[in-house]
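Undergrad: First, the structure itself, so that you have it in front of you.
Read the figures in this text as sums done on the coordinates, not as results from a lab. The model shown is predicted, which means the values in this text are computed figures rather than measured ones. FYI the Cβ positions are ideal-geometry reconstructions off the backbone, even for glycines, and counts take in every protein chain you see.
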Amino acid sequence: MCASIGAKAARALACGCLLLFSACSKAPENKPAAAPARQPDHTPEVYRVNLDTSKGVVVLEITRAWAPHGADHFYELVTNRYYDGDRFYRVVPHFVVQFGIHGDPQVSQLWSSLRIPDDPVKQKNRKGTVTFASSGPGARTTQVFVNMRDNLALDRQGFAPIGRVAAGMDVLERLYGGYGDMPPRGSGPDGVEIERQGNNYLENHFPRLDYIKKAAVQ
C-alpha cells in the first residue's frame, strides 16, 4: 500500500504507515468482526465518530456530501469496530497523522481487500481534515490520515477529504512522534511489517506508540 502524493510525500502518506501515537502501555485486545459485515443500509448524511485514544478523545465529523464512498466505508469500518486497538503508526509533525492497519494481520488482510471507488475532491486538504490514504486510483481501503497543516498539494492528487476534526486537535498534536518517519525516509514503523505481524511488531519495536482504545459513532 504505497501512495504518491507528490513523489516522496505521496508515497509516505498512502503507504499504510502514517501515524505514530505515543502509547506507553499495551492497547486493549478488542476484536472487530472477523470479516467485513455488509454495507450499512443508510449512512447518516453527517455523523460524528469518537476516537477514545491513549492521549484523550478526538471527535471526527464526517460529511457524506464531501465524499460519499469514503464516508460510507468509514462508517462501515467504525461500526464493525475495525479501528479498536489500532496504533497511530506514523506521526509527522506539521504534516499528517495516520492510522488504519489493524493489529491482527488476518483481520487487516480481509478488510484491505475491499477497495472502494474514488470520490471527486470537493473539499481542500486543510488542517484538521480527515482523508483516506491511497496508493493510486481505486485503491482506498482502511487507512486514514488527518492533515496537521494545510496540505493543498494533495487536492490535485485526488485525495478527497471525508470530514474534519470537530474536537481534539490538541490531542493529535500530543501524539508521540519520536520514532520518525516511515522507511525509507526515516526509521519509524514499516507498513509492510505492520500488515505482516500486526501489533506484535509494533509492541516489540515501537512500544511508545499511541493507540485507539475504541472508535464509535456518536
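Undergrad: Order of 182-194, 105-117 by packing, highest average Cβ count within 10 Å first?
TA: Values: 182-194: 19.4, 105-117: 15.9.
Top of the packing list down: 182-194, 105-117.
Undergrad: Using amide H atoms built 1.01 Å from N in the peptide plane, name the residues 5+ places from Thr142, or on other chains, whose amide H lies under 5 Å from its own.
TA: none
Undergrad: Using the per-residue mean of other Cβ atoms lying within 10 Å as a proxy for protection, in what order, highest first, do the peptides 42-54, 206-218 fall? If you can, show how the numbers build up before the last one.
TA: Numbers: 42-54: 17.2, 206-218: 19.8.
In decreasing order of mean packing, 42-54, 206-218 become 206-218, 42-54.
Undergrad: How would you classify the range 130-204 from its alpha-carbon gyration tensor, with a ≥ b ≥ c the square roots of the eigenvalues: rounded for a/c under 1.5, else prolate if a/b is greater than b/c, otherwise oblate?
TA: Here the range 130-204 falls in the oblate category.
Undergrad: Please get the size of the charge dipole for the range 177-218, origin at its Cα centre, with Cβ charges of +1 on Lys and Arg and -1 on Asp and Glu, quoted in debye to the nearest 20. Show your work: numbers first, answer last.
TA: On the way: 5 positive and 6 negative charges, 36 e Å.
Magnitude of the dipole: close to 180 debye.
Undergrad: Next question. Please find the FRET efficiency linking His42 to Ala153, where r is the Cβ-Cβ separation and R0 is fixed at 35 Å, and quote it to the nearest 0.05. List each step's numbers first, then the result.
TA: Values: r = 35 Å, r/R0 = 0.99.
Using R0 = 35 Å, I get an efficiency of 0.50.
Undergrad: What is the set of long-range amide H partners of Asp210 at a cut-off below 5 Å, with H atoms built 1.01 Å from backbone N?
TA: Phe21, Ser22, Ala23, Phe88, Tyr176
Undergrad: Say the dipole of the range 40-112 comes from +1 at the beta carbon of Lys and Arg and -1 at that of Asp and Glu; which of Leu60, Gly103, Pro93 then lies farthest toward its positive end?
TA: So the residue furthest toward the plus end is Pro93.
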